[in-house]
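A short worksheet on the structure shown next.
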Amino acid sequence: MPVEEFVAGWISGALGLVLGHPFDTVKVRLQTQTTYRGIIDCMVKTYRHESLLGFFKGMSFPIASIAVVNSILFGVYSNTLLALTATSHQERRAQPPSYRHVFIAGCTGGFVQVYCLAPFDLIKVRLQNQTESRARPGSPPPRYRGPVHCAASICQEEGPRGLFRGAWALTLRDTPTLGIYFVTYEWLCRQSAPDGQNPSSATVLVAGGFAGITSWAVATPLDVIKSRMQMAGPKHRVYRGVLDCMARSARQEGLGVFFRGLTINSARAFPVNAVTFLSYEHLLRWWG
Ligand SMILES: C[N+](C)(C)CCCC[C@H](N)C(=O)O
C-alpha cells in the first residue's frame, strides 16, 4: 500500500487547519449559542472578551488530530482508487478515473476517517464553546482545562462512549460530502487541464477552494445537528437521535437553523482546502 499519500495528507491537513481555525471557532459558536447577532458580532465579542487567543481555542488538539484524519482521508481515498482502477496517483492524470470511482473512493475515505475524527471533533467543539475569559482574574474557571482534561472528564461523566457522541451524525455528514469533495476537485482540475497534463498551481488552488465550499455547503445542515448532538451532555439538552435533534431544532428555531454557519463555513473552506490540495499535490509531485 503506497504511503506517500498518507504523509502528504498529513502535512497538507495541518497547514490548512491553522489557516481555518479562527473561522471554525466563530462557526461553532454561532451554531450552538444564541447570544450572537451574526458573524461580525461574534468576532467582535470574542475579540473583546478573549483577545485574539479566543479564536484559537481548542486548536492544539485538532492540529495533531486533523493531520491524522486528513492523512487517513487522502490515504484511503487514493488507495481505494488504486484498488478500483489499478492506477497510482502519478498515473491518474494520463488515465483519469471515472467520476463514479472518484465518488466511491471519496465516500470510502470519508467513512473511514470519521472513526478517528469523532472524538477529536467532539473535544474541539466542547472547548470552542467555552466562552470564559482567561484574562479576567476572579472569573469562574472554564469547565474543561484543556483537551486532555476534557477527554478525561467526558470519559468520567459520560463514559468512554461519550467520546463518540454525535458520531452517527458525523458519519452522515462526511460520507457523501467527501465523495462530492473529490468529484468537484477532479472535475474543476479537468476543465482547465483536459489533456492529461498536471493542473497548474492556480488551478489546484481554485479547484481545492471550490471543492471545499461545495462540500461544506451540502454538509452544513448535518453539521449543525452534529455540533448540537456533541454539546448535548450532562448540562445541555439531550436528543434521542439525529431525527429528534433535527425536528426539535426546526420546530424551535425555524428551517433557517439548518443553514447556520453556512457563510462562515464557506469563507473558511476556500483557503483551507486550497492550501490542503496545493500542498498535497506538490508534495506528491516532489516525491514522485
Ligand atoms: C465533507 N466536509 C465538508 C464535511 C468536510 C471536508 C473536510 C475538508 C477539510 N479538512 C476542511 O476542514 O475543510
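Which count do you get for residues in region 182-201 that are within 14 Å of the ligand (Cβ to nearest atom), within 19 Å of His282 (Cβ to Cβ) and either not in a helix (DSSP H, G or I) or not hydrophobic (A, V, I, L, M, F, W, C) (or both)?
The qualifying residues number 1.
Residue check, Arg268 against (1) within 10 Å of the ligand (Cβ to nearest atom); (2) under 17 Å from Thr171 (Cα atoms), all met but one. Which one?
Unmet condition: (2).
Looking at Arg48, Arg93, Arg37, which one is open to solvent by 20 Å² or more (accessible area, probe 1.4 Å), under 30 Å from Gly288 (Cα atoms) and not hydrophobic (A, V, I, L, M, F, W, C)?
Details: Arg48 fails: under 30 Å from Gly288 (Cα atoms); Arg37 fails: under 30 Å from Gly288 (Cα atoms).
None of the other options fit; the residue is Arg93.
When you go through Thr80, Thr87 one by one, which is the residue that is farther than 18 Å from Leu283 by Cβ, outside any helix (DSSP H, G or I) and either touching a strand residue (DSSP E or B) at 6+ places or on another chain (Cβ under 8 Å) or of a type outside the set (D, E, K, R) (or both)?
Within the list Thr80, Thr87, the selection yields Thr87.
Can you find a residue in region 60-74 that is out of contact with any His (no Cβ under 8 Å at 6 or more places or on another chain), outside any helix (DSSP H, G or I), open to solvent by 30 Å² or more (accessible area, probe 1.4 Å) and away from the ligand (no atom under 13 Å from the Cβ)?
No, region 60-74 contains no residue that is out of contact with any His (no Cβ under 8 Å at 6 or more places or on another chain), outside any helix (DSSP H, G or I), open to solvent by 30 Å² or more (accessible area, probe 1.4 Å) and away from the ligand (no atom under 13 Å from the Cβ).
Out of Val218, Val183, Val224, report the one residue that is open to solvent by 20 Å² or more (accessible area, probe 1.4 Å), within 24 Å of Leu30 (Cβ to Cβ) and among the aliphatic types (A, V, I, L, M).
Answer to the check: Val218.
Restricting region 1-14 to residues that are open to solvent by 30 Å² or more (accessible area, probe 1.4 Å), in a helix (DSSP H, G or I) and touching a Leu at 6+ places or on another chain (Cβ under 9 Å), which is farthest from the ligand (Cβ to nearest atom)?
In this case the residue turns out to be Glu4.
Can you tell me how many residues in region 239-266 are assigned to a loop (DSSP other than H, G, I, E, B) and surrounded by 13 or more Cβ atoms within 10 Å (Cβ to Cβ)?
Residues flagged as assigned to a loop (DSSP other than H, G, I, E, B) and surrounded by 13 or more Cβ atoms within 10 Å (Cβ to Cβ) within region 239-266 amount to 3.
Considering (1) on the phi > 0 side of the Ramachandran plot; (2) modelled with pLDDT of 90 or more; (3) within 15 Å of the ligand (Cβ to nearest atom), say which one Ala86 fails and leave the rest.
It fails just one condition, (3).
Which of the residues belonging to region 153-177 are under 15 Å from Asp121 (Cα atoms) and outside any helix (DSSP H, G or I)?
Result: Arg165, Gly166.
The values are calculated or read from the model by the stated rules, or taken from the named source; none is laboratory data. Predicted model only: the values in this text are computed from it and were never measured. So basically every Cβ, Gly included, is an ideal-geometry build from the backbone, and we count neighbours across all protein chains shown. Protein only, heavy atoms only, side chains kept; ligands, DNA and RNA dropped before computing areas. Shrake-Rupley method; radii C 1.70, N 1.55, O 1.52, S 1.80 Å.
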